[in-house]
Structures are given as structure tokens and as C-alpha cells.
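Enquirer: Following this message is one structure expressed as C-alpha cells.
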Amino acid sequence: MPRDWTLDETLFVRDYAGTVPLALLAYHLHRNARDVAGECARLGVPFVYVGTPLFWCDECASWARRVDKSGRCGKCRARANLLRIEAKTAALMERLPEEQRETYALFEAKRGGRVWEAPPAVPDTSGMTPREAVAAATAYLADLSDWEAGKAYRARKSAQKRKERAARKVREIEQLCQAHKKGAA
């Protein structure tokens with residue numbers, strides 16, 4: 001037979017139902033989930049979690065809207081790709097003659113980059129009910145995750161373009177060298 005609800009427990013359910021998953025609310029109250037759901041129904045408050053679903057990325061130790069099968073968020077995947085691309089670009093740059101490398105580095109340094117948009121603003125949760133505050137906070141974390149992933153993705157795309165330009169320059173110089181050798185022979 002389930003025990004009676006105390007006033008403190010009822011007020012806790014009223015204020016926090018939907019701000020955390022039902023199982024966590026039941027665990028905190030030392031009751032089963034069915035009893036907590038019944039109390040929510042009696043009070044007329046929804047118990048469905050209102051926050052944006054977030055997943056933990058172990059690699060960057062942050063919350064993300066999406067993670068892949070290995071548990072990596074979009075930001076971490078883009079950073080890993082960026083490192084691979086930069087390593088390939090460095091290998092290509094070593095194949096260029098010294099004066100070409102200096103010219104290329106000077107030209108790349110003058111290239112303008114895109115101005116990053118501002119990160120999402122932290123919501124002001126003062127004056128909000130706990131349910132509204134959870135919804136606002138998790139939406140902010142999801143938006144921040146998307147913003148960081150987008151920024152890392154754009155950095156990766158920029159590095160990819162630099163690598164392509166370096167590869168094109170290496171091909172041009174190698175073709176000129178081959179043509180010069182054929183002409184000298």
C-alpha cells in the first residue's frame with residue numbers, strides 16, 4: 001500500500017515535475033515512478049521532461065545536441081578532421097620551394113576570414129518557474145553546442161580550402177619542373 005503524500009512532497013512534485021526525468025524525481029522522493037505519475041495527474045501537472053535532450057561528449061566534456069556512435073559531438077569530429085587536414089597541408093607545403101612557401105604564407109595571412117556570429121546569449125531564468133528554467137537552460141546548451149559545432153565546421157572547411165590551394169600550387173610547380181626537364185633534355 002503506497003504511503004500518503006506529505007505537503008512537502010506534493011509541493012516538490014508540483015514545482016519540479018517535468019524539470020527532470022520522472023525516474024529521477026521518483027528516486028529523489030523514494031517512491032516508484034507510477035506513484036509520482038499518479039500524483040502529477042492528481043495535481044494536473046505534466047510529468048513529461050520539457051528540456052531539450054542533450055548527450056554528453058566525453059572527448060570535449062560538454063553537452064551536445066547530437067553525438068555519433070562513438071560518443072563524439074560534431075565539434076570534436078570537426079576538430080579531428082581539421083588536424084588531419086592541417087597535417088596534409090603541412091606535408092604539401094614541404095614540397096614547395098622555400099620562396100614559394102614564403103609567398104604562399106604571406107598570401108594566406110592576408111586572406112580575410114568570415115566574421116563569426118556571436119554565441120547564443122545565456123537566458124535569464126530569474127522569475128521563471130523551474131519547468132520554464134529547465135526548458136530555457138537546456139535549449140541554451142543545445143544552441144551553444146550547435147554554435148560551437150558550426151564554428152569548428154567552418155574552420156575545417158577553411159583549412160580544406162587552404163589544403164586544396166596548396167595542392168594546386170604543388171601540382172603547378174611539379175608540372176613546370178617536369179616540363180623544364182623535358183625541355184632541357
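Enquirer: For residues in region 69-86 being open to solvent by 50 Å² or more (accessible area, probe 1.4 Å) and charged (D, E, K, R), which is farthest from Arg162 (Cα to Cα)?
Expert: The qualifying residue farthest from Arg162 (Cα to Cα) is Lys69.
Enquirer: Considering only region 148-185, state which residues are of a type in the set (Gly, Ala, Ser) and under 16 Å from the mean Cα position of the chain (by Cα).
Expert: Ala149, Gly150, Ala152, Ala155
Enquirer: Among the listed residues Leu106, Leu141, Leu176, identify the single one that is touching a strand residue (DSSP E or B) at 6+ places or on another chain (Cβ under 8 Å) and either open to solvent by 50 Å² or more (accessible area, probe 1.4 Å) or assigned to a loop (DSSP other than H, G, I, E, B) (or both).
Expert: Sole residue among the options that is touching a strand residue (DSSP E or B) at 6+ places or on another chain (Cβ under 8 Å) and either open to solvent by 50 Å² or more (accessible area, probe 1.4 Å) or assigned to a loop (DSSP other than H, G, I, E, B) (or both): Leu141.
Enquirer: Is it true that Ala135 is under 25 Å from Cys60 (Cβ atoms) and either of a type in the set (Gly, Ala, Ser) or in a helix (DSSP H, G or I) (or both)?
Expert: Numbers: under 25 Å from Cys60 (Cβ atoms): yes; either of a type in the set (Gly, Ala, Ser) or in a helix (DSSP H, G or I) (or both): yes.
Here the answer is yes, as Ala135 does meet what is asked.
Enquirer: In this structure, does Trp56 turn out to be aromatic (Phe, Trp, Tyr) and over 35 Å from the mean Cα position of the chain (by Cα)?
Expert: In short, no.
Enquirer: Now a separate question. The conditions are (1) at pLDDT 85 or above; (2) among the β-branched types (Val, Ile, Thr); (3) closer than 25 Å to Arg165 by Cβ; (4) in a loop (DSSP other than H, G, I, E, B), and Thr89 fails exactly one of them. Which is it?
Expert: So Thr89 meets the others, but not (4).
Enquirer: A further question on this structure: Just give me the residues in region 1-21 being closer than 23 Å to Ala135 by Cα and either open to solvent by less than 40 Å² (accessible area, probe 1.4 Å) or of a type in the set (Asp, Glu) (or both), in sequence order.
Expert: Filtering region 1-21 for residues closer than 23 Å to Ala135 by Cα gives 9-21.
Glu9, Thr10, Val13, Asp15, Ala17, Gly18, Thr19, listed by residue number.
The values are calculated or read from the model by the stated rules, or taken from the named source; none is laboratory data. Owing to the predicted nature of the structure, the values given are computational and were not obtained by experimental measurement. Cβ coordinates were reconstructed from backbone atoms using ideal geometry, including for glycine residues, and neighbour counts include every protein chain displayed. For accessibility, only protein heavy atoms count, side chains too; no ligands or nucleic acids. Shrake-Rupley method; radii C 1.70, N 1.55, O 1.52, S 1.80 Å.
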